[in-house]
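Q: Let me begin by handing over the structure; questions about it come next.
Values quoted throughout were computed directly from the atomic coordinates according to the rules given, and no laboratory measurement underlies them. Fair warning: this is a prediction, and the values are worked out from it, not measured in the lab. Glycine gets a Cβ as well: all are built from the backbone with ideal geometry, and neighbour counts include every protein chain shown.
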Amino acid sequence: MNPRFAVPALVIIGVIAIGGCAGQEQDLPLDDSAVPDSSEIIFVPYQYLYDGYAGYGYDVSFCEPMPRPGPTCGGIEPATNPIGGSPPYSFSVGYGAGVLPPGMRMNLNGVLEGTPTLAGNYDFEICARDGAGNSDCNTFSLRVREPLYLTVYWAGDGSGAIGWNTALGNSTCAETTGGLGDYKCAVPVAYDSYIYLVPEADEISEFAGWSGACSGAGICNISMTEDTDVAGRFDLAGEIAGTTPDTTGGSSAQAGNLDVTIDSASLTKCNVVQGGWDDGMRYYTVAASGTATGGDSDRTTSLNIGILETRNGETTSYGTDTLDCGVWTWTNQDGYTYPYCYRAIGQPETTTWTVAGKGAGSNMEHMIGVSARVNGYENGESSYDREERDAGTC
C-alpha cells in the first residue's frame, strides 16, 4: 500500500474515558433518607455534565433511567429521577440565568442533545414538571471545548497503515508536501485523552520508527493536552531490495528503469440514487489499463494501483475489485486499501496491467481518477515512478 494513498485503518483496541459519555449513569447526590411526599415532585441534580466539543454531537438524559423515544419521562417505565408528584414528567429550559449552548436543544423527555457550535462555559436551568403542573428546577453547568488535533504523518518510501484507538469524529486525510511526511491525517480528539498509535507495515515494507511526539519503533503513546504532531516512517524491507550485485563483473548497481504508464482510464458507470436515505449519492465504476517496467531482473519491485476520488478539494483512495498484473504476481492485502502487483527476482521486467474499481461518493460532483506507481531501489536507495490520470467526473 502506498502511504500517499493509504486510508488509515481505525484500530479500536480500547475505549478512553474523557470524563463521561452520552447515556452513562451520572453521579447523583441522592439522600437515601429523603422520602418525598406523594404530591411533591423532586428532581435531583447531577453533580457534573461531561464536556462537549464544538462541532461534535452531544447528548445526556436528565431522566433516569434513559427514556424511550417519546414526549415524556417515567411513562411506560417508572422514573427513578424525578420522583414524586403525578408522573409522567416532562422537561424544559427554565427561566433562570443562562442559556443552552448554541446548537443544543432540550427535549420534553429529558434528553439534552445537539451539536454545540461555540466553545465556552454555559450555565442554564432545567425544570422537571409532573402531570399536575408541579415543577422542580435545578441549575447546571456545561463546558464546551474546541477539539484538540493529533496530526499523523506518513513518511518514507515503503507503505503501511497507522491506526489510533479513539477520536471524536471523522479524520481529515490528504496528501501534503514538505513537513514531516507526504501524507497526513488530522484526527480530532478530546482534551486529556490518552491516544496510542499502532503502525503496521505491508508485506514489502518495514516500520522504521517515529519522529515528532514519539520515538522508537513500538506503539506510540500520547496524552493529549495540546495539538500534537507525530510521524511514522515506512521503508522498503531490506530483504525485498535483493542483494547488491557484484559490480566487479560489470553489472549495474541500479534498479534499471522504473516506469509506469496509464494507457486508459474511464468512468464506466456513474449512477445517482434518487429517493430514500441515500438520495443523491453517486455510485461509480472505474476501469484502467497500462504498462509497468519494474527494474532489472535481480531486483524485486512492486506496482501499486489506486482508485482516487477527489471532493471538497481532498483526495482519498478506494479499493480495487479486480487487478490483472499480467506476468507479474498479484497480491491480496487482506483488508488494505487495494492490492498490488509483486515482481519477484527473475520475473520479466515489463508487464501490462488492467484494473477495475468501484465506490460511492457524496451527493456533489467529484472527480474520479487512477493512480499507478512502481517502487524499486537504485544504489541502495529507494526510488519510484508514478502517474495519475483522471477517469471522469461523477
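Q: To make sure I understand, if each residue's beta carbon is the centre and we count other beta carbons within 10 Å, what order do Glu309, Glu146, Glu349 fall in, fewest to most?
A: Details: Glu309 22, Glu146 14, Glu349 19.
Listing Glu309, Glu146, Glu349 from fewest to most nearby Cβ atoms yields Glu146, Glu349, Glu309.
Q: Within a 10 angstrom radius of the beta carbon, how do Arg373, Arg389 rank from fewest other beta carbons to most? Please list the in-between numbers first.
A: Details: Arg373 22, Arg389 17.
By the 10 Å Cβ count, ascending: Arg389, Arg373.
Q: Let me ask something additional. Report ³J(HN,Hα) in whole Hz for each residue of region 205-214, in order, from the Karplus equation J = 6.51 cos²θ - 1.76 cosθ + 1.60 where θ = phi - 60°; Gly and Pro get x.
A: Taking θ as phi minus 60°, the curve returns 10, 9, 7, 8, x, 9, 9, x, 6, 10 Hz for region 205-214.
Q: On to the next question. For Thr261 and Asn363 in the same chain, what is the full-extension length gain: residue separation times 0.36 nm, less their Cα-Cα distance, in nm?
A: Length gained between Thr261 and Asn363: 33.6 nm.
Q: Classify region 41-145 from the C-alpha gyration tensor, please: rounded if a/c falls under 1.5, else prolate or oblate depending on whether a/b exceeds b/c.
A: Values: a/c = 2.26, a/b = 1.71, b/c = 1.32.
Prolate shape, in that a/c is at least 1.5 and a/b is the bigger ratio.
Q: Taking neighbour Cβ counts within 10 Å as the exposure measure, how do Tyr122, Tyr340 sort from fewest upward? Before the final figure, lay out each step's value.
A: On the way: Tyr122 20, Tyr340 27.
In increasing order of surrounding Cβ atoms, one gets Tyr122, Tyr340.
Q: For a quick check: with amide H placed at 1.01 Å from N, whose amide H comes under 5 Å from Thr176's, ignoring anything fewer than 5 positions away on the same chain?
A: For Thr176, the qualifying residues are Tyr183, Lys184.
Q: Based on the Cβ-Cβ distance from Asp59 to Thr310, what FRET efficiency comes out when R0 is 30 Å, to the nearest 0.05? Let's see the in-between values first.
A: On the way: r = 34 Å, r/R0 = 1.14.
It comes to 0.30.
Q: Taking amide hydrogens as modeled 1.01 Å from N in the peptide plane, which residues meet the under 5 Å criterion relative to Ser362, leaving out close sequence neighbours?
A: Arg282
Q: Given a Förster radius of 30 Å and the C-beta distance between Cys137 and Tyr191 as r, what FRET efficiency does 1/(1 + (r/R0)^6) yield to the nearest 0.05?
A: Values: r = 30 Å, r/R0 = 1.00.
Once the sixth-power term is evaluated, E becomes 0.50.
Q: Taking the Cα centre of region 41-145 as origin and charging only Cβ (+1 Lys, Arg; -1 Asp, Glu), how large is the dipole, in debye to the nearest 20? It would help to have the intermediate numbers written out before the result.
A: Details: 5 positive and 9 negative charges, 36 e Å.
Here region 41-145 has a charge dipole of around 180 debye.
Q: Hey, quick one: spin label on Thr352, modelled 7 Å out along Cα-Cβ, who in region 257-271 has an amide N within reach, i.e. under 13 Å?
A: From region 257-271, the list is 263-264.
Q: Right, another one. Would you tally the net charge around Ala79, using a Cβ to Cβ cut-off of less than 13 Å, leaving Ala79 out, and scoring K and R as +1, D and E as -1? Provide the component values of the computation, followed by the final result.
A: Values: positive: Arg68, Arg129; negative: Glu64, Glu77, Asp130, Asp136.
Value of the local net charge: -2.
Q: Give the long-range amide H neighbours of Met104: residues separated by 5 or more places, or on another chain, with amide H under 5 Å away, using H modelled in the peptide plane at 1.01 Å from N.
A: Amide H neighbours of Met104: none.
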